[in-house]
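For reference, the structure discussed in these notes is given below.
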Amino acid sequence: MQQGDLGLDLVLRVFRKEGFKSLFDSIATTTGQLSSAHANMLSNRFQYEETIDAVISFLQNKNYTLAYRIVGRQLLPEGPRFQTLKDIDWFFGHIGVQDKARYLCTLYLEDVADLIQATVGPHFGFSKYAERIARTATSFDQLEKALNEKTNFFDQILLDVLNDYFANGAPALVGFTVPFGGNLYGALKAGQWIKENYPDTIVVMGGGYPNTELRELSDTRVFDYVDFITLDDGEGPVLAICEQLGATSFDKNKLKRTFMRDADKVVFMNNASTRDFGHSALPTPTYDGLRIHEYLSVIDLPNPMHRLWNDGRWNKLTIAHGCYWKKCSFCDISLDYISRFEQSPAATLVDKMEELIRETGETGFHFVDEAAPPLAMRDLAIEILRRKLKVSWWTNIRFEKTFSEDLCKLLAASGCIAVTGGLEVASPRLLELMEKGITIDQVARVCKGFRDAGILVHAYLMYGFPTESDQETIDSLDIVRQLFQHGLLQSAHWHQFAMTVHSPVGMYPEKYGVIRTGPEFRGFANNDLYHEDPEGADHEQYSEGLKKALYNYMHHIGIDWPLQKFFKFKIPKSRVHPLTIQNSIKSPLPDPIETPGFRIGWLDVSYKVISKGKENTEMQFFKSGKQHKLTLPNSLAEFLETNSSRFDLFDTNTILLSEVLSHLSTNMNIEPEEIIRSEWWKNWRQVVWVIRG
C-alpha cells in the first residue's frame, strides 16, 4: 500500500526554483491584462525564482537562521500583500523573529497565489482547487465541461505528479478522499487520467464531500472518472470492494454503502451483513509514506489561536465518533458521521497516540471531533497524565457547563492548549431556536475556566440564522465584543448561515420561518439549499462589518469603538448591558454539593503538617512548584491524613465530594452549604480539584 498527498505534491512541484521558471514563463504568454502590481511581480520574477527554495525550506522548519534575513525586509520581493502591512513589530515584538519571518513568508506565498489566480490558475488554492465548480453542483454538467477542457498549467502538473506514483507499476486500486468541494475536481481529474492510461486500475472515491453532497446521486457520468463512491465510514466499504476484486467473479451484492454504475444506471449497494468497524475497533491511522516533514508551517494571521490550523503539523485522531448532543437545528444531524455516537476507552485512545508518536516523531494532536464529550476528555487527560506523556493537543467542544474550572485545569495539565467551539449566535431566543443547549452566561463562565487554565479559545459564529433580526445581529456582535474585551476569546470566525438538506432547518423549513427556493436537483450533488427569510434582516449586508469588527477584536483593536464604526449603513443601538459578560464571570460557581458523582482529588501534590492546635492544623502543601500554607480544621486534616492515597487522581478508590462534606458536616456540626462558603474551604480548593466522577 502507498499513500500520498497530491495537494502537497503539486504545491512543492510549483513552488521551487524550476517550478517558478515554468510558472513565470507560462504567465508571460497569457493574453489577459495584468494589474500594475502583478505586472511588477512578473518583471521581478528573478527575485522570486532566486528566493523560493529558501522560503519553502524555512517554512518546512529546515532553515532556522534564515529568519534574521527575512525580517530585515531586504531578502524577499514584496508584492501587494505587503502594502497593507501595519504594526508588525507591535504584533511580534522585537524577539519574535521566527514568527515574524513566517508571517512575511506567508504574505510572499499569498502574493504569488494571487498572481496565479489572476493568470494561469484561476482555480488555484493552497488547500483547495476549483472549489467554485463544486459549490452547489446539483448537475454534473459544469464539472464535466471543466474536466474535458484543454489541460491547463496546473492540471498538467497534477497529472505529472500522479504519473510518478505509477512509475513502478499500476496499482490494483486507487482511492481518493474528498473531504471538501475544493478537492473534488482534482480527484476527478486524476481519475480521468487513470481511466485513460490504466483502465484496469479500480478508482474509489469517498470522504466528507460524497458523504454530505452525493447521497442522492443518479447521474451516471461521474462513473466515467471513478468506479465506486463510498459513503460514511470507509473501512467497511473499501474492504468489501477489495474482497470482490480478489474473488473469482465480482458480486456487486456484497458491496457496502457503495454507489456504482450498473446497466447504465446508478445503483447503491449496501449489504448490511458485510463487516463494519466500531470506533474502538479501528486501528491507529498511519502516515506511512506521506511526506510529513515537508508540509509548510505558515502564519496567515498574527493571532496565537488562529495560527494552529496552519502552523505546525498535528497528528489527527477523534476522541469519539459522531456528536453526543446532535440537536443543533442548523447541523447535518441526520447523517451518520454526526448521528451515530460511539466512544472508545481512554486507554485505547492513548495507545494510538503513543503509536503515532513513535511513527511520526510528533507529539502534537488535533482531535477532529464534531464535539468532544467533556467526560471523555477528562478520561483522556487522566490517562495521558498517568502515562506521563508530554503532548500538546486541542479539539472541538460544546460550551457546556460540564467544563468546570477544575476540569479545565486538569485538561491543561495533560497538554490541552486550545479548544474550538460553536457559540454561533449570542441571542437567547436564537440559541433556543437552534437547540444549542447553552446560554450566554454559561458560555462566559466556560470560557473563563479555559482562559484561567491557559487554554486558548476559538468561537465559531453565525449570522443570518432564520428570523434573526437586525437588532439580534448587533446584540450578538456586542456580546462577542465583550467576550474579547475580557480575554475570554482569542479567536473567532463569522460565517453566514447556510441551509442544508440534511439539517432540521432544511428538512422542516416552515418550522423555522423560512421558505426553500431551490436549487433544482439534477442528479449530482444535493446539500446546500437556497432560501428566503421573510421575517429576518437583510443578512448579507452585515457580512463585511461583522468580519471587520472581528478582525480588529482578534488583534486587540477597537474593543471600545462604537459598533457603528464597522458598518457603512445605519445599525440599531445595542440593547446588551455593557457589564453583561463581566457580571457573568465576576464570581465563581460554588461546589456542586447537591449533584452526586463529583470526586475530589489532586495531581502531584505533597504536604507536611507544621503544627496542630485544639481546633485547627497548620499544613504546608507543595503543588506545581508552588507552596500553599493553609490553616484547616482538624477534622479535615485528619480525614486527609487517613485517606491521603485516595486523594491521588490516579487512585481507583476515589473520594467523592459528598463523602468529604458528609464527614465534615457530621464532625463539625455545620451544613455543607456553610462549609463551601467558608474561607478555609476556599483556600483548601487551591490544592484540590472537584471533577465530575
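Within the range 152-163, being within 21 Å of R291 (Cα to Cα) and either assigned to a loop (DSSP other than H, G, I, E, B) or over 32 Å from the mean Cα position of the chain (by Cα) (or both) holds for one residue alone: N163. Provide a single number: the residues in the range 359-381 that are among the β-branched types (V, I, T) and under 18 Å from L290 (Cα atoms). The qualifying residues number 2. Annotation note: of D155, D114, D141, the sole residue that is open to solvent by less than 20 Å² (accessible area, probe 1.4 Å) and of a type in the set (D, E, K, R) is D155. Within the range 642-693, the set of residues being surrounded by 14 or more Cβ atoms within 10 Å (Cβ to Cβ) and among the basic types (K, R) comprises R646, R685, R692.
Pairs are defined by a Cβ separation below 9 Å, a sequence spacing of at least 6 or placement on different chains, a first member in the range 163-188 that is more than 20 Å from D232 (Cα to Cα), and a second member that is of a type in the set (S, T, Y) and outside any loop (DSSP other than H, G, I, E, B); the pairs so defined are P171/Y165. Checked against (1) under 18 Å from L107 (Cβ atoms); (2) open to solvent by less than 40 Å² (accessible area, probe 1.4 Å), S35 meets all criteria but (2). Note on the range 606-632: residues that are surrounded by fewer than 13 Cβ atoms within 10 Å (Cβ to Cβ), basic (K, R), over 23 Å from I676 (Cβ atoms) and touching a strand residue (DSSP E or B) at 6+ places or on another chain (Cβ under 9 Å) total 1. Checked against (1) in a helix (DSSP H, G or I); (2) open to solvent by less than 20 Å² (accessible area, probe 1.4 Å); (3) of a type outside the set (S, T, N, Q), E50 passes all but condition (2).
Considering W309, W393, W314, the condition of being crowded, with 20+ Cβ neighbours inside 10 Å and not aliphatic (A, V, I, L, M) is satisfied by W393 alone. For the range 664-680, a residue qualifies if it is free of Cβ contacts under 8 Å to residues at least 12 places away in the same chain, of a type outside the set (G, A, S) and assigned to a helix (DSSP H, G or I), and the qualifying residues are T666, E674, E679.
Determine whether S635 is part of a helix (DSSP H, G or I), modelled with pLDDT under 95 and either of a type in the set (G, A, S) or open to solvent by less than 20 Å² (accessible area, probe 1.4 Å) (or both). No; evaluated as a whole, the condition is false for this residue.
I'd like to know if the range 364-374 contains one or more residues that are over 25 Å from E424 (Cβ atoms) and more than 20 Å from the chain's Cα centre (by Cα). No, the range 364-374 contains no residue that is over 25 Å from E424 (Cβ atoms) and more than 20 Å from the chain's Cα centre (by Cα). Would you confirm whether or not the range 667-674 contains a residue that is under 44 Å from the mean Cα position of the chain (by Cα) and farther than 25 Å from L410 by Cβ? The answer is yes, given that some residue of the range 667-674 is under 44 Å from the mean Cα position of the chain (by Cα) and farther than 25 Å from L410 by Cβ.
Scan the range 79-87 and give yes if some residue there is of a type in the set (V, I, T) and either at pLDDT 95 or above or surrounded by 14 or more Cβ atoms within 10 Å (Cβ to Cβ) (or both), otherwise no. The answer is no; no qualifying residue exists. For the range 242-260, the set of residues classified as surrounded by fewer than 17 Cβ atoms within 10 Å (Cβ to Cβ) and touching a residue at least 40 places away in the same chain (Cβ under 8 Å) consists of C242, L245, listed by residue number. In the range 549-597, the residue that is farthest from the chain's Cα centre (by Cα) out of those that are among the aromatic types (F, W, Y) and at pLDDT 95 or above is F569. Scanning the range 358-370 for residues that are open to solvent by 40 Å² or more (accessible area, probe 1.4 Å) and either touching a residue at least 24 places away in the same chain (Cβ under 8 Å) or more than 14 Å from P285 (Cα to Cα) (or both) yields E359, G361, E362, T363, V368, E370. Within the range 279-299, residues that are under 29 Å from H321 (Cβ atoms) and open to solvent by 70 Å² or more (accessible area, probe 1.4 Å) have Cβ atoms under 6 Å from residues that are outside any helix (DSSP H, G or I) and not β-branched (V, I, T) in these pairs: Y295/R313, counting only partners at least 6 apart in sequence or on another chain. Among residues of the range 264-278 being at pLDDT 95 or above and hydrophobic (A, V, I, L, M, F, W, C), the one that is surrounded by the fewest Cβ atoms within 10 Å (Cβ to Cβ) is V267. Filter the range 1-43 for residues that are in a loop (DSSP other than H, G, I, E, B) and more than 15 Å from T119 (Cβ to Cβ); which is modelled with the lowest pLDDT? That would be M1. Taking G191 as the residue in question, decide whether it is at pLDDT below 95 and either open to solvent by less than 10 Å² (accessible area, probe 1.4 Å) or in contact with a Phe, Trp or Tyr (Cβ under 7 Å, 6 or more places away or on another chain) (or both). For G191, the condition - at pLDDT below 95 and either open to solvent by less than 10 Å² (accessible area, probe 1.4 Å) or in contact with a Phe, Trp or Tyr (Cβ under 7 Å, 6 or more places away or on another chain) (or both) - is not met. Can you tell me which residue is least open to solvent (accessible area, probe 1.4 Å) among those in the range 411-466 that are touching a residue at least 12 places away in the same chain (Cβ under 8 Å) and among the acidic types (D, E)? Filtering first and then ranking leaves E424. So is F330 modelled with pLDDT of 95 or more, open to solvent by less than 60 Å² (accessible area, probe 1.4 Å) and either under 30 Å from D528 (Cα atoms) or part of a helix (DSSP H, G or I) (or both) or not? Taking the combined requirement at face value, the residue satisfies it. Taking the criterion of being acidic (D, E), at pLDDT 95 or above and assigned to a loop (DSSP other than H, G, I, E, B), would at least one residue in the range 305-323 satisfy it? No, there is no match, as no residue in the range 305-323 is acidic (D, E), at pLDDT 95 or above and assigned to a loop (DSSP other than H, G, I, E, B).
Hey, could you check the range 333-346 for residues that are small (G, A, S) and closer than 15 Å to A320 by Cβ and say which is most open to solvent (accessible area, probe 1.4 Å)? Step by step, filter the range 333-346, then rank; the result is S339. For the residues N211, N183, the requirement of being open to solvent by 30 Å² or more (accessible area, probe 1.4 Å) and outside any strand (DSSP E or B) singles out N183. Determine, yes or no, whether I133 is among the β-branched types (V, I, T), over 22 Å from Q2 (Cβ atoms), crowded, with 17+ Cβ neighbours inside 10 Å and free of Cβ contacts under 8 Å to residues at least 60 places away in the same chain. Yes. Within the range 231-241, is there a residue that is open to solvent by 40 Å² or more (accessible area, probe 1.4 Å) and touching a helix residue (DSSP H, G or I) at 6+ places or on another chain (Cβ under 8 Å)? No; the residues of the range 231-241 include none that is open to solvent by 40 Å² or more (accessible area, probe 1.4 Å) and touching a helix residue (DSSP H, G or I) at 6+ places or on another chain (Cβ under 8 Å).
Restricting attention to the range 444-479, which residues are farther than 22 Å from P509 by Cα and among the aromatic types (F, W, Y)? Selection gives F450, Y460.
The values are calculated or read from the model by the stated rules, or taken from the named source; none is laboratory data. These numbers were taken from a predicted model, which means no experiment stands behind them. For neighbour counting, all protein chains shown are included, and Cβ atoms are generated from backbone atoms with ideal geometry for every residue, glycine included. To get the accessible areas, we keep the full protein, side chains included, count just its heavy atoms, and leave off ligands, DNA and RNA. Shrake-Rupley method; radii C 1.70, N 1.55, O 1.52, S 1.80 Å.
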